[in-house]
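Below: the structure, in structure tokens.
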Amino acid sequence: MNDRIYPGKWSFCSGYVKEFEAAEDTVLREIEEETGLKGAIERKGNLVEVIDGEKQRHWIVACYLCTVPSDEVRLCHENTEFRWVLPEDIAQFDLVPGLEKDLKALGVA
């Protein structure tokens, strides 16, 4: 859980692409920064557009399904909590806008 933009809402590892950084490199960097784990990309999903008029935010999200070698997460300063969740249980959580679209883009919802 990252309380910076959507306090109390659940999301996945995420971040912004640095200048001249490949999207896949961003994915792996963000996983490591936010969890302390080295990830591996298993599948790339579609691009998902998320518009949140209330927060006046507009994102184009590149979705990736990744694996990690361990469940021993070391959270960074950006996050307050984490959970390992099965796709069929994700609806029980209060999610950031657009997260359901991300899951569908990856074919896991």
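Give the relative contact order (percent, whole number) for the chain; include only Cα pairs under 8 Å separated by 6+ residues.
Answer for the chain is 31 percent.
Work out the charge dipole of the chain with +1 on the Cβ of Lys and Arg and -1 on the Cβ of Asp and Glu about the Cα centre, then indicate which of F82, Q56, G39 is farthest towards its positive end. Checking the options against the dipole of the chain, the answer is Q56. Of the chymotrypsin sites (Phe, Trp or Tyr not before Pro) found in segment 6-109, the ones in coil according to DSSP and having at most 11 other Cβ atoms within 10 Å of their Cβ are Y16, F20, W84.
Less than 14 Å Cβ to Cβ from D25, Lys/Arg counted +1 and Asp/Glu -1: what total charge do the surrounding residues give? Combined, the nearby Lys, Arg, Asp and Glu give -2.
Taking 19 Å as the cut-off, the amide N atoms of segment 69-86 that come nearer than this to a point 7 Å along the Cα-to-beta-carbon line of K18 belong to 76-79.
Amide H contacts under 5 Å for V61: V48, E49, V50, restricted to partners 5 or more places along the chain or on a different chain, H placed in the peptide plane at 1.01 Å from N. Computed about its Cα centre, the charge dipole of segment 12-109 is approximately 200 debye, with only Lys, Arg, Asp and Glu carrying charge at their Cβ. Calculated FRET efficiency, D94 and W59, Cβ-Cβ r, R0 25 Å, to nearest 0.05? For R0 = 25 Å, the calculated efficiency reads 0.85. Other residues lying with their Cβ under 13 Å from the Cβ of T67 contribute a combined charge of 0, Lys and Arg counting +1, Asp and Glu -1. Against the compact-protein benchmark of 2.2 N^0.38 Å, the Cα-based radius of gyration of the chain scales to 1.03.
For segment 1-93, the set of GluC sites (Glu not before Pro) satisfying both a DSSP loop assignment and a count of at most 10 other C-beta atoms within 10 Å is given as E19, E54, E72, E81.
If you count Lys pairs in the chain whose Cα atoms are under 18 Å apart, skipping same-chain pairs closer than 8 places in sequence, the total is 4.
FYI, it's all coordinate maths here, none of it is from the lab. Not measured: the values here are computed from a predicted model. Cβ coordinates were reconstructed from backbone atoms using ideal geometry, including for glycine residues, and neighbour counts include every protein chain displayed.
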